[in-house]
Amino acid sequence: MDRLPKWADVVLVPLVSLIFAAAISAIVIKAIGQSPSEALKVMVEGSLMSAYGWGYTLYYTTSFIFTGLAVTIAFHAGMFNIGGEGQAQLGGLGVALACLLIPWPHWSVALLAASLSAAAFGAVWAAVPAYLAARRGSHIVITTIMFNYIAAALIVYLLVDVLRPAGQMDPATARFPKTVSLPTLNQIPGFDLFFQKEVPANVTLFIALAAAWAVWLILWRTRLGYQLRAFGKSEPAARYAGINPAKMIMISMTISGALAGLMSVNNVMGEAERLLQNSSEGAGFIGIAVALMGRNHPVGVVLAAVLFGFLYQGGAELGLWTAIPIELRIVVQGLVILFTGALDVMVRMLLVWLFSFGRKRQVA
Amino acid sequence: MDYGTLLQILDSTLRLGTPLLFACLAGLFSERAGIFDIGLEGKMLMAAMCSGAVAFLTGSVWLGLLAGLAGSLVFAGLHGVASITFRGNQLISGVALNFLASGITVLVAQRLFGQGGRTPPLDGAARFNEITLPFAETLRPVPVLGPLYADVISGHALLVYVAILCVPLTWWVLYRTRFGLRLRAVGENPAAVDTAGVSVKGLRFAAVGITGLLCGLAGAYMATALQAGFGREMTAGRGYIALAALIFAKWRPWQALGACMLFGFFQALALRPDVVTAVVQVKIPVPFLDALPYILTVLVLAGFVGKAIPPRAGGEPYVKER
Amino acid sequence: MPSGANTSGRQATAAPFAIELKGISKAFGPVQANKDISIAVPRGTIHGIIGENGAGKSTLMSILYGFYRADSGEILINGTPTAIPDSQSAIRAGIGMVFQHFKLVQNFTVLENVILGAEEGAMLARSLAKARRVLSDLSREYELDVDPDALIEDLSVGHQQRVEILKALYRQADILILDEPTGVLTPAEADHLFRILSGLRDQGKTIILITHKLREIMEITDHVSVMRRGTMVGTVKTAETSPEELAELMVGRKVLLEVDKGAPNPGKTVLSVQDLHVRDEHGVERLKGISFDIRAGEILGIAGVAGNGQSELLEALGGIAAATGRIVMNGTDLPLTGATANGQTRREAGIAHVPEDRQHLGLIMDFEAWENVAFGYHNAPEYQKNALLMDNDALRADTAAKMERFDVRPPIPTLPAKSFSGGNQQKIVVAREIERNPDLLLIGQPTRGVDIGAIEFIHKQIVALRDAGKAILLVSVELDEIMSLSDRIAVMFDGKLMGFRDPETTNERELGLLMAGVSEGTP
């Protein structure tokens, strides 16, 4: 098969996949008797045309950057971490424990402690499947799926039987103290000029962007990243170079779990301010779509996270103002994963065909 | 725990184990042919919505069943095209189709019925109703066995018995027919099938098709027999439990029956925490019972409870080479 | 004899040749694997096809079995032109193939493997019963006894091969192709195979035996065709030829690359290997107790047919495969098993390794050239900016310099490895390993798939390293290369060293016989 130019591979393949996904979504909207153009208008207006909309879009973006990065770093080591959801939920537990057990004097120290705790809890929840994969040959995908369910059951148990304050009906922890409340974008000098109303997007956004930079740095500037990428490309070659496969599996999955866990700082500490059941709301899974769409590069992940932030905020607006159910966003998410992850060969074949067509015409 | 309670729990086990069994056998056909399928969940959901909707609209459970099979087959076909024709990543394809099903079922049900993504309740001929087996009441007075027959074995929807019959049928197809031989071979070593002059793609598509049909039965049972209608996310992870049961059963049909009934038993227990507490004298949290199938699967995968060896060519697209 | 559907093209018993190939050509991209090949194989004979690795034997047979389509040329089966677009057509034409890597389902029984794809009807019972009957007939007729109910994974390699032959016979093959059948067999198993093949020939079957082992050709074939670099060099009657003549035809009078090389000046012992054993992942012993020394300023060449343990020797020395015995480097014992036996500790001990398979071991094909230059040396201090970060700029500059010195084309450090030609890929690997100035260089198949110009260059580099007082272990299946580069030659056969020779006094014939496992000139 002919090769595509590099720019086409990086830009066109995800773009064409996105166009396919959008086109099919439009057909679906049409099929349920609604207007695709109207839907797009509502989505754009509700998520991008006001500061308030951006406040939500960036809130979702923050979560998706973390989970997208989690999938990305594991992917570079040849691991498919589908357990981001469970790792994020455990991260939420870490956040809750850090915020509830210690009376922090100021949100900044609390943020630091909660981040470390979230990362540690997420990392441990990923390290167990990683250990089983590295030492006992378990299939990482199946094991991480199972750990999602085990995490969900564990959180339910803890919320119902252990962490729920006496007298409270719903399964959730107590509210975090006011002192650990994270500044939202409308409370940050400079940003408050744009965000004048209370928005959920908060300082965690900057941690997410820093994490994206850190992942880029790790993958392409450090010995560790070099070894992870080499192992992910070829295990026999890695052995030749003296890179320890078991170590690579453990390290990549631990970092991946830590990133997924960090996402909970955004929603648990930054927004809900207590730990609820199913706090991550599927963001762990969206990380798969974000990573695939972002071509497993931190820059791409950030861009794809904004796109999915738009999709999630826009989708919520659709649920509010139109007859299109909010579940449309899950359909789009599935389509994006399908085209960028499973049918990428098809998309690429199509582009190669188009390119060869163009070349022939030039010759003629 | 008295005998009556035990029978109640066993009865629930059979009812709850049935969708797992259909889905598990579905996965068995696909994975035995070398195609990983973590999209069982999505196909079940699709079938549940299609069958629930059509059964309500036509009033016929049979038309509903057909619609369910068709819905599931469409998704199976997509998985086949992605993973066989275009040699895509089978795991990612499965994940994608699960999301697609999760969203599209609600969209369609909301469009059709406007009841928040569920179908209106089904009744009468729009459901598979309970069948009383012959002599159930006559034999009831027989000690021990009589109530077992009348309360546990008798009184289920037709599809429960179909599911049980699918076990020997699967065994027979797999081990006694030419198709089964080739199916098992293509999941172990597609090159052997290819050099013997048999189409690898054809076999794999056939297997994926059977997976679609069985998932269709699983979903239709959920919407028209276990429950009276479709509700959003009604499969609630059963596709993954079935996958766990398949691994637990080491990809064999009779063991699949055992694993599914065991996991169905856990689900039945989770509905009766009072009974569990009474029996073991310690309060067992319900979530623990929910998580038990997954914990067992992790232990099996890690080789702590016997070694699960998946079909050797599983998950790998076949590329012809010398 | 088994009965079954009659197949076309086999009634023409008058035609003298079972198979005729006329002008077959096949190219893979720029590589011409077969160039205008013509052979004719008389019915009821065993026809050998011999040639070095990569001579194009297997490609030719794959065309005959419908795995590849020839770019041009014609195939005649029993005198009838026959198109063979797929394996099914080959089977219908009466061709059976025993692949070098068996195509068996490991957890199936012998019977199940035999009937796969040749079942009678939709139910298995009848097919199995018939196969059981046929198999018992066949096994009596041809010494092909295998337990029909045994699982393949429980059978020895020799028995698995018999199952492959039975598969072909069950499908009523009249023409049987065996690709390197003895490569995996013990000598006793090989002898048994030859008795089976003789029996089949006596029953009128036509057999094509692909091999690179002279002994087998002399022992069993009626005719032999020699291939070299994609062309057919000639076909002779086995009775009228000799191993010497065949060896000469195989190796050919190709341009002898003159390596400008002075007399060696060996110093102290750098590497001492004592009683080294290696088992593969299946538990088969691949290295059966090897001992040798290499001194500073010396090139030790290991000659041998591929698959006789050379790869395992390199892997054990390079820290990739676990081993038992002793490897002493500069007077220090190296770890042979466990976490400390790896490529990093070997490099620290002064061992550099140019692996046999550069595309799977030596390079990451998707990595850019500069990233590959760090491969295995990513911990080297000069490539670090600080405790945390690698110095990619330094690495790129170093790569550019290495590319310049080794004449890598195009000299662009940011080009991915897969974009370079084979020769230039190899230069990148060689530059990386040689420029570490190692005490010992392991180098496997240094010029496989490398163009003439690059061969010369790489040879010069190896000699220069020797002249700088370093020890070199050269493994190659190219006898020329071994002869022209080595200061001492060891011949490997079946996991053991057959002996050491001085390149000044030995010749290709003597080495060829040692490579075939024949010691001291008695064929």
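General remarks:
- Fraction of antiparallel bridges per DSSP, the protein assembly as shown only, in percent to nearest 5: 60 percent
- For C:K130, the lysines whose Cα comes closer than 19 Å to its Cα, not counting residues fewer than 8 places off in the same chain, are C:K167.
- Between the residues B:F265, B:L301, B:A291, the greatest Cα displacement towards the positive end of the dipole of the range B:231-322, with unit charges on the Cβ of Lys, Arg, Asp and Glu, is found for B:L301.
- When C:V430, B:V74, C:V98 are arranged by Cβ crowding within 10 Å, least crowded first, meaning fewest neighbours, the order is B:V74, C:V98, C:V430.
- GNM result for chain A, Cα springs below 10 Å: residue of A:M263, A:M250, A:M293 fluctuating most strongly: A:M250
- Taking amide H atoms as placed 1.01 Å from N in the peptide plane, the amide H of B:R87 has no partner under 5 Å among residues 5 or more positions away or on other chains.
- Over chain B, the Kirkwood radius and the radius of gyration, each from Cα atoms, give a ratio Rg/Rh of 0.99.
- Alpha-carbon centroids, the range C:45-122 and the range A:170-221: separation in whole Å: 65 Å
- Couplings 3J(HN,Hα) for the range B:193-203, derived from phi with the Karplus relation 6.51 cos²θ - 1.76 cosθ + 1.60 (θ = phi - 60°), are 5, 5, 5, 7, x, 10, 6, 5, 5, x, 4 Hz, where x marks Gly and Pro.
- Directionally averaged projected area (convex hull, Cα atoms, the range A:61-301), nm²: 13.6 nm²
- Charge dipole of chain C (Cα centre as origin; +1 on each Lys and Arg Cβ, -1 on each Asp and Glu Cβ, all else neutral): 820 debye, rounded to the nearest 20.
- Proximal aspartates and glutamates to A:K6, defined as alpha-carbon separation beneath 20 angstrom and excluding residues fewer than eight positions away on the same chain: A:D344, C:D366, C:E368, C:E371
- For the range C:126-175 versus the range C:376-440, the gap between their alpha-carbon centres in whole angstrom: 53 Å
- Here is the size of the protein assembly as shown from its Cα atoms: Rg then Dmax, 33.8, 105 Å.
- Euclidean distance between Cα centres, the range A:81-158 to the range B:58-136, Å: 34 Å
- Long-range amide H partners of B:I35 with built H, under 5 Å: B:G315
Every read-out reported here was derived from the displayed coordinates using simple, explicitly stated rules and does not represent laboratory data. Since the structure is predicted, the reported quantities are computational estimates derived from the model, not experimental observations. A quick note on method: Cβ atoms are made from the backbone with ideal geometry, for glycine too, and the neighbour counts reach across all protein chains shown.
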